[in-house]
Every structure is written in structure tokens, then in C-alpha cells.
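The values are calculated or read from the model by the stated rules, or taken from the named source; none is laboratory data. Predicted model only: the values in this text are computed from it and were never measured. Cβ placement follows ideal geometry from the backbone for every residue including glycine, while neighbour counts extend to all protein chains displayed.
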Amino acid sequence: MDKLCSIRTAAAHFDLPISTLHYWERRGLITPQRRGGQRCYDATQLYRIALIKQWRFVGRLSLEEIGVLLAGRTAAHDWHDTVVERIALVDKEIQELEAAGAYLRHLLTCRQDVPEQCAHFRSGHPIPL
């Protein structure tokens, strides 16, 4: 039998609020075992928690998208399509952030005491991106 980890220990290990693990359980993403009425996690579920956290916070996937990945290939969904769609959204966000950075760097070149008075912006010239 696998060693079980309490919900408190799992939450602390992954630096997550206990309420997050409860929520993920309600969403069907994780399935704790019960011991004495308490939620406990085996190695498989701890690995799943690690994956969900990484996919959520590094991969920027929604919980719905994570559900698709955890389900694998089904008749309704192919998880690859979900990842391709997320990559497109991340690429778009990168472009928007690069444009924001270029705009702000250009704003720093303004010699006015009040940026609103910047001659370049007032002239209606497009901002170099």
C-alpha cells in the first residue's frame, strides 16, 4: 500500500491553499482517498497535483483545459488541440506584451515634464512597435 499524505501536508508541499485542493477535487481533477474522514493523497495523486499546478501556473492552462489533458484522447477531445490553442493564445499575449514594452520604452524618451504633452504623441504619429 502506498504511503498516504494528508491534505495539509500536500498543500504545504505544493504551496497551495487547502481550498485549492478541495476545488480541484470538486472539479474532478484529483481524487483523494479517505482515512478517518480526512482527505489523503497517494503518490499518483501527488504527481497529478504537481502536474496540475505546473500546467495551471507555468502552462497558463485553465482548469477546463487541464481536465481535457487529464482525460487524454477521447471521442470529444484531443488534448493536442487544446495545447495548440493555448500556444496560440500565449503567442498572442507575448506580442501584446512586447508592444506594451515598446510603447512604454518610447514614452520614456519623452523630454516633457508631463508625458501627456509629448510632441510625438500629440502629433498623431504612430507609436513605433
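Descriptive notes on the structure:
- Filter result (assigned to a helix (DSSP H, G or I), surrounded by 11 or more Cβ atoms within 10 Å (Cβ to Cβ) and of a type in the set (Asp, Glu)) within the stretch 54-80: Glu65
- Residue in the stretch 71-79 that is of a type in the set (A, V, I, L, M, F, W, C) and within 15 Å of the chain's Cα centre (by Cα) present: no
- Condition check for Gln95: surrounded by fewer than 16 Cβ atoms within 10 Å (Cβ to Cβ) and in contact (Cβ under 8 Å) with a residue 24 or more places away in the chain: no
- Per-region count, the stretch 1-45, residues exposed (fewer than 12 other Cβ atoms within 10 Å of the Cβ) and modelled with pLDDT under 95: 6
- Selection within the stretch 11-53: residues that are of a type in the set (Phe, Trp, Tyr), outside any loop (DSSP other than H, G, I, E, B) and closer than 25 Å to Arg86 by Cα. The member of this set that is farthest from the chain's Cα centre (by Cα) is Tyr47.
- Members of the stretch 1-50 that are small (Gly, Ala, Ser), without any contact (Cβ under 8 Å) to a residue 12 or more places away in the chain and under 16 Å from Leu63 (Cα atoms): Ser19
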